[in-house]
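The values are calculated or read from the model by the stated rules, or taken from the named source; none is laboratory data. Every value quoted in this text rests on a predicted model; they were computed, and no experiment measured them. Every residue, glycine as well, gets a Cβ built from its backbone with ideal geometry; the counts of neighbours run over all protein chains shown. Protein only, heavy atoms only, side chains kept; ligands, DNA and RNA dropped before computing areas. Shrake-Rupley method; radii C 1.70, N 1.55, O 1.52, S 1.80 Å.
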Amino acid sequence: MRTMHHWVLLITLCLTSGAYSHADDYVVEKDIMVPMRDGIRLATDVYRPAKDGKPVDEALPVILSRLPYNKNGQVTAAKYFATNGYVFVAQDTRGRYKSEGVWHMLSDDGPDGVDCAAWIGKQSWSNGKIGMIGTSYYGGTQHSMALAGAPELTTVIPVDAMSNMGRQSLRNAGAFELRFWNWIFLNAGRGSRASHDPGTVEVLKEMADQRFAYLENFPTRRGQTPLRLAPEYEDWLLTAMESGPDDEFWSAVNIVENPEKYKDIPVYLVSGWYDSWGGNNTANFMALSKTIKGPVFMIMGPWIHGQQAAYAHGDVTFGKDAAIADQWAWRKEWYDRWLKGIDNSVGKSGLFKTPVRIFVMGTGDGTKDEKGRLKHGGYWRSENDWPLARTEYTDFYLQPDGNLSTAKPEEEKAVTQFQFDPKNPVPTIGGNISSGNDILLQGARNQKGGPQVWNFKSPIPISARNDVLVFQSEPLEQDLEVTGEIEVKLYASSSAVDTDFTAKLIDVYPPSKDWPAGFDLNIGDGIVRGRFRESLKKEVLMNPGETYEFTIKLYPTSNVFKKGHRIRVDISSSNFPRFDVNPNTGEPLNRHRRTEVATQTIFHDASHPSRIILPVIPITSAK
């Protein structure tokens with residue numbers, strides 16, 4: 001009713017004049033309660049172009065955002081699109097903020113998205129075409145709706161989007177990414193059903209404020225923390241931490257295994273080399289580009305989560321050209337092509353010249369900028385495929401003397417051992433992280449401790465730890481570009497029935513005037529949990545002392561290791577709090593009561609050629 005959902009005239013920020021495609025202002029109808037098939041109503045805001053304070057009487061394409069982070073925060077995007085010839089619809093997902101129902105992690109967003117789209121399609125202001133927008137979780141709601149096949153859905157731009165949650169980025173090769181523990185601890189008291197009670201909010205806020213203490217008292221157990229006051233959040237988190245296999249629990253947005261279910265529409269996949277969902281973004285491109293006509297486009301920048309408009313993060317800058325400064329205009333270009341039929345740059349030039357656009361990192365001069373950041377640099381390049389067709393996959397072997405080279409080891413038997421103590425895990429210093437909020441450092445970082453690393457405050461390099469094995473090349477005689485998917489094949493045994501092995505790829509800068517000790521730049525990392533060495537589908541414990549081959553999948557990258565630099569691979573058994581720490585006991589996941597120190601044995605001989613497989617690109621590649 002108009003008395004409940006009154007039109008609110010918002011002052012214009014765009015002073016252009018003319019037809020609806022460039023409206024001077026817009027109006028918004030707030031908190032429309034849209035019914036779903038089960039009767040649950042979801043709170044929805046509708047922004048429409050307006051003239052003289054009245055909505056334009058025209059059926060227009062719609063930009064839809066379905067998010068769990070409060071639809072009121074969509075006003076900036078909404079006013080941009082509503083003054084550029086679109087209706088913008090923002091909806092709180094089920095059980096979040098003003099929407100009814102019980103929150104579940106993405107599992108309701110397929111059917112809810114279909115119902116939302118059907119409602120939009122029936123409105124007089126809609127022409128029946130919907131493009132979706134959003135990052136991270138509400139990149140995942142785009143994938144959910146595409147997998148559900150909503151008839152009105154015409155195109156999507158999933159940015160750093162949740163998907164394939166049992167494969168990587170959430171449950172990662174059997175290990176659990178603790179940023180989602182962090183997400184639950186922070187969001188259980190924000191916009192949830194539990195947040196409706198002021199007393200409960202205070203208790204949950206205190207819990208969130210004490211996350212460091214909870215991290216030191218793992219595992220989190222059912223009913224034993226204030227999280228029990230937000231039962232759907234406790235249930236999802238602990239079920240997720242107990243569910244290692246990539247099975248039905250993780251199926252909500254599993255694109256890699258079900259690309260044929262994805263609606264055949266234009267898809268623009270966006271992510272970054274340092275984003276938490278970067279590996280799944282390239283995996284989705286590979287799956288969808290072979291399955292649907294799309295077209296399917298992908299861009300990968302040097303970015304961290306949601307920072308496409310930035311060009312620096314952590315300890316590093318990539319140069320101003322790395323940023324897409326106007327965060328709305330490039331999206332509008334894509335929407336204009338597929339929702340309005342405008343013949344523009346898509347498929348012709350700029351960001352959209354070819355199906356793949358990548359930022360090749362590492363061509364900077366390596367000095368410090370005015371803020372003390374490493375000038376790692378880089379440049380944009382258009383490509384037609386992923387992985388690149390001209391890739392030369394090259395084995396770099398872990399040598400007995402700690403070297404890393406393309407020569408296969410000749411020794412009949414060579415091993416290196418270390419002890420992994422779950423009570424003293426290797427600290428996380430940067431990487432593919434989101435929802436880090438205080439407990440994790442994101443992005444490109446010098447691999448050195450200090451006051452910025454809460455669990456490694458001493459200013460010493462991470463390579464000084466006894467539980468980190470370092471294998472590095474001689475200084476390179478010429479530049480070497482590495483662009484693509486990266487794996488480590490590791491031959492190892494353990495005294496434990498279950499344990500983890502980790503790998504990290506590092507670009508080692510030599511000492512210089514600006515960096516007298518050099519600079520150890522993390523490029524990508526990965527992990528594998530021993531019980532999932534054979535398959536992500538089932539758990540098989542190890543036999544202590546038996547040698548196995550482990551595959552550690554790192555996140556994809558594009559980086560030039562410059563002449564004089566070294567390529568380095570660090571091998572260990574933990575990376576905390578990026579991943580949960582394996583107790584080495586073989587107890588059920590997240591239900592252990594004990595920890596054991598494990599003796600780890602890494603093999604690097606002729607019969608057990610442990611190695612990293614680098615996707616090397618010929619240096620003649622044009623920009």
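A compact table of results
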read-out: DSSP-defined beta bridges in the range 29-170 - what % are antiparallel, rounded to 5; value: 40
read-out: FRET efficiency for R594 and T367, using Cβ-Cβ distance with R0 set to 30 Å, rounded to 0.05; value: 0.05
read-out: Efficiency of FRET between K563 and Q452 - r from beta-carbon atoms, R0 22 angstrom, step 0.05; value: 0.10
read-out: Mean residue ellipticity (222 nm) of the chain, computed from DSSP H runs ≥ 4 via -39,500 (n - 2.57), nearest 500; value: -4500 deg cm²/dmol
read-out: FRET efficiency, E216 to W328 (Cβ-Cβ, R0 35 Å, nearest 0.05); value: 0.25
read-out: For the chain, with +1 on Lys and Arg beta carbons and -1 on Asp and Glu, the positive-most of Q399, L60, F285 along the dipole; value: L60
read-out: Cα shape, the range 170-225, gyration tensor, a/c 1.5 rule; value: prolate
read-out: Distance violations [Cα-Cα > 21 Å] among K448/K504; K129/K332; K371/K513; K205/K457; K293/K348; K30/K340; value: K205/K457; K30/K340
read-out: Prolate/oblate/rounded call for the range 306-375, Cα gyration tensor, a/c under 1.5 rounded; value: prolate
read-out: Residue-wise HN-Hα coupling along the range 237-252, computed from phi with Karplus coefficients 6.51, -1.76, 1.60 (Hz; x: Gly, Pro); value: 4, 6, 5, 5, 6, 8, 9, x, x, 7, 10, 4, 4, 9, 7, 4
read-out: Bridge type composition, the chain - antiparallel percent by DSSP, nearest 5; value: 75
read-out: Accessible area per residue in Å² at 1.4 Å probe, computed on the chain; value: 37
read-out: Fully extended contour minus Cα-Cα distance, from D385 to D247, at 0.36 nm per residue; value: 46.7 nm
read-out: Karplus 3J(HN,Hα) series, Hz, for the range 461-472 with 6.51 cos²θ - 1.76 cosθ + 1.60 (x for Gly, Pro); value: x, 5, 5, 6, 6, 5, 9, 10, 8, 10, 10, 9
read-out: Nitroxide proxy distance, nm - points 7 Å out along Cα→Cβ at M33 and K320; value: 5.1
read-out: Apportionment of accessible area to carbon and sulfur, the chain, percent (1.4 Å); value: 49
read-out: Label selected from [x] 26.2; [y] 27.8; [z] 54.0, the criterion being mean projected area of the Cα convex hull in nm² as computed here; value: [y]
read-out: Per-selection Rg to Rh, the range 361-491 - Cα, Kirkwood hydrodynamic radius; value: 0.98
read-out: Sparse-neighbourhood loop sites, trypsin sites (Lys or Arg not before Pro) in the range 377-439 - DSSP loop, at most 14 other Cβ within 10 angstrom; value: R390, K413, K423
read-out: Extension gain from N403 to A309, taking 0.36 nm per residue of separation minus the Cα-Cα distance; value: 30.0 nm
read-out: Cα lying deepest toward the dipole's positive end in the chain, options V159, V453, I619, charges on Cβ; value: V159
read-out: Label-reachable residues, the range 166-199, where backbone N falls under 18 Å from a point 7 Å from D438's Cα toward its Cβ; value: 178-191
